[in-house]
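Below is one structure, written out as structure tokens; the observations come after it.
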Amino acid sequence: MIKIAFLGTPSIGAKALESLIDSKQMEVEVVVTVPDRAIGRSHSTLQPSPVAKTAKEHNIQTIKTDSINRDLEKLKLFEFDYLVTCAFGQILSNDILSLPKKKAINIHGSLLPEGRGGAPLHWAIIKGKTKTGITIMEMVEEMDAGDYYSQFDIKISSLDDVTSLFSKVGDLIYEKTAEGIMEIENGKESIKQNEKKVSYWLNIKRKDSKIDFNNSAKDICNLIRGLEKVPGAWAMLNDKIVKIHKAKIVKGTIDSATSEPGTITNISEKGIFVQTKEGVINVTEVTVEGSSRNTIDNLINSNIFIKHDKFK
């Protein structure tokens, strides 16, 4: 039986953990994840990470820590052949990477060497990619720079947003994680990354999520799709932050520029229409500062959106 230490945090990491748990050739000895987080307005309720929930369901011993590098001694109490990570969110020291008897393996959500970093699925949509996937790779101290063993790709449709893409990639991770580890166990050789093709898709910063209406309608819709849930693409309107969660290009207006970029050109039961540098977008779901997420049909009579007002 192959013994595994697994490190992960969100739902997509839980998919990798489930793949290992369901494998008849593997036994997960220990799970490492973040501490329970306070939720709700009063922050009185603690919620475990999705990985922690999965570990508890299967009675797997769990280390909850904000820094496994500091809690190295806790992990040393376990013996394992492979250390496997997926969406863990902590940089691991060489002391951690040297613990497994065989290898430290990461399941990364892009087709490396493109998309090193912590937000590869967000950026894949923002950059208008039509394909992404996962890479099963050996971990080194440098971020996402190790040799890889396997890659599996999926299509990104024009209807995908980051939520649907996470779901699709999660299914792929469940399907391929245990299979990929078994291939390594059976002697599959690794492949070096092409350093000339490296790109970095790092965690989203506030400046990355601000909408610039001087961009094209296509680029703006890609940004909105890529940030649909968290953190949300945003712009200012009458001194209020408006996060735009759903929008689409209005066909036949790609090359028009009848108003200044950012101007609300029309308001109807279909939503609000905003001019960009190239084309018009139809906005249908937003969060206005001080309120909850809402569809436009609940807001068009609220005087929040007024024709000829301008997003900044």
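Observations on the structure shown:
- Based on Cα contacts under 8 Å between residues 6+ apart, region 262-312 shows a relative contact order of 42 percent.
- If both residues of a DSSP beta bridge must be in the chain, then about 65% of such bridges are antiparallel.
- Region 17-109, Rg to Rh (Cα coordinates; Rh as Kirkwood inverse mean 1/r): 0.98
- Per residue value of the accessible surface for the chain (all protein chains in place, 1.4 Å probe), Å²: 51 Å²
- Look at the alpha carbon pairs under 8 Å that are at least 6 residues apart: their mean separation over the length of the chain gives a relative contact order of 13 percent.
- Once C-alpha pairs closer than 8 Å and six or more residues apart are averaged by separation and normalised to the residue number of region 183-279, the relative contact order reads 25 percent.
- Taking amide H as placed 1.01 Å from N in the peptide plane, Lys246 has its amide H under 5 Å from the amide H of Thr284, Glu285, each at least 5 places away in sequence or on another chain.
- From most to least packed by mean Cβ count within 10 Å, the peptides 124-137, 146-159, 18-31, 292-305 give 124-137, 18-31, 146-159, 292-305.
- Computed from backbone phi with θ = phi - 60° and the Karplus coefficients 6.51, -1.76 and 1.60, the 3J(HN,Hα) list for region 125-137 is 6, 4, 7, x, 5, 9, 8, 8, x, 10, 10, 9, 9 Hz; x is used for glycine and proline.
- Among the listed pairs Lys229/Lys277; Lys127/Lys218; Lys127/Lys240; Lys3/Lys74, those whose Cα-Cα separation exceeds 22 Å are Lys229/Lys277; Lys127/Lys240.
- Under-5 Å amide H pairs with Val140, H placed in peptide plane, nonlocal only: Ala145, Gly146
- Nearest-ten-degree value, helix 162-185 long axis tilted from longest Cα axis of the chain: 20 degrees
- Taking 0.36 nm per residue of separation and subtracting the Cα-Cα distance, full extension of the segment from Lys218 to Asn203 would add 3.2 nm.
- Cut-off 12 Å between beta-carbons: net charge of the residues surrounding Ala124, Lys and Arg +1, Asp and Glu -1: +2
- Taking every DSSP helix (H) stretch of at least 4 residues in the chain, weighting each as -39,500 (n - 2.57) and dividing the sum by the residue count yields a mean residue ellipticity at 222 nm of -6500 deg cm²/dmol.
- Electrostatic tally near Tyr200: other residues with Cβ closer than 10 Å to its Cβ, Lys and Arg +1, Asp and Glu -1, net -1.
- When only alpha carbons are used to place a centre, region 223-294 and region 3-74 end up 38 Å from one another.
- Proximity of backbone amide H atoms, modeled 1.01 Å from N, is registered between Thr85 and Leu7, Ile105, Asn106, Ile107 at under 5 Å, excluding neighbours fewer than 5 places apart on the same chain.
- Neighbourhood net charge (15 Å Cβ-Cβ; Lys/Arg +1, Asp/Glu -1) for Asp66: +2
- Share of carbon and sulfur in the accessible area of region 203-256 stands at 50%, probe radius 1.4 Å.
- Cβ crowding within 10 Å averaged over residues, with 223-229, 241-247 ranked highest first: 223-229, 241-247
- Integer Hz, Karplus 6.51/-1.76/1.60 couplings in order for region 16-27, x for Gly and Pro: 5, 4, 4, 4, 5, 4, 7, 6, 7, 9, 10, 9
- When each of the peptides 75-86, 179-190 is scored by how many other beta carbons lie within 10 Å of its residues on average, the order from highest to lowest is 75-86, 179-190.
- The candidate values were (i) -0.25, -1.12, -1.20; (ii) -0.21, -1.23, -1.37; (iii) -0.17, -1.19, -1.37; the one computed from these coordinates for log10 I(q)/I(0) by the Debye sum over Cα atoms at q = 0.06, 0.15, 0.16 Å⁻¹ carries the label (i).
The values are calculated or read from the model by the stated rules, or taken from the named source; none is laboratory data. Because the structure is predicted, anything quoted here is derived from the model rather than measured. Cβ sites come from the backbone with ideal geometry, for glycine too, and all protein chains shown count toward neighbours. Accessible surface is based on the protein model in full, side chains and every heavy atom, while ligands, DNA and RNA are left aside. Shrake-Rupley method; radii C 1.70, N 1.55, O 1.52, S 1.80 Å.
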